[in-house]
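Written out below as structure tokens is the structure these notes cover.
Only the coordinates and a few stated rules stand behind these numbers; no lab work does. Everything quoted here is computed from the prediction, not taken from an experiment. Here the Cβ positions follow ideal geometry from the backbone for every residue, glycine too, while neighbour counts run over all protein chains shown.
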Amino acid sequence: MAKVPTSEQMEIQGVRVGVPRRAFLKSRRFCRFCRERVEFIDYKDLGLLAQWVTERGRIPPRRINGNCARHQKQLATAIKRARIMGILPFVVQ
Ligand SMILES: [Zn+2]
């Protein structure tokens, strides 16, 4: 009969048994713009905006890119402006 390891033994082996809540909170993504104290997102900054759109040209939702409401809104506005200016694509086929 195979010996089933106890949760204590599994933890020693580096297997996480029952993820503790704190570990999740610790690894939770924090708004990058808040961390870098960005006050205004420039729509002409293609290098920055390109990091925040998918390869298909979409703006990911807040829950994916982890931004706060204020910066996500600013970012979305900046991306939309950049699209109108022809710097960013509306859609990539
Ligand atoms: Zn923020």
Problem set entry | Neighbourhood charge, 15 Å Cβ-Cβ cut-off, centred on Lys44 and excluding it, Lys, Arg +1 and Asp, Glu -1 | +1
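Compute the length gained on full extension between Met85 and Arg63: take 0.36 nm times their separation in residues and subtract their Cα-Cα distance, giving the result in nm to one decimal. It would help to have the intermediate numbers written out before the result.
On the way: separation 22, 0.36 × 22 = 7.92 nm, distance 2.71 nm.
This chain segment gains 5.2 nm when fully extended.
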Problem set entry | For the range 35-93, convex hull volume per residue from C-alpha positions, Å³ | 77
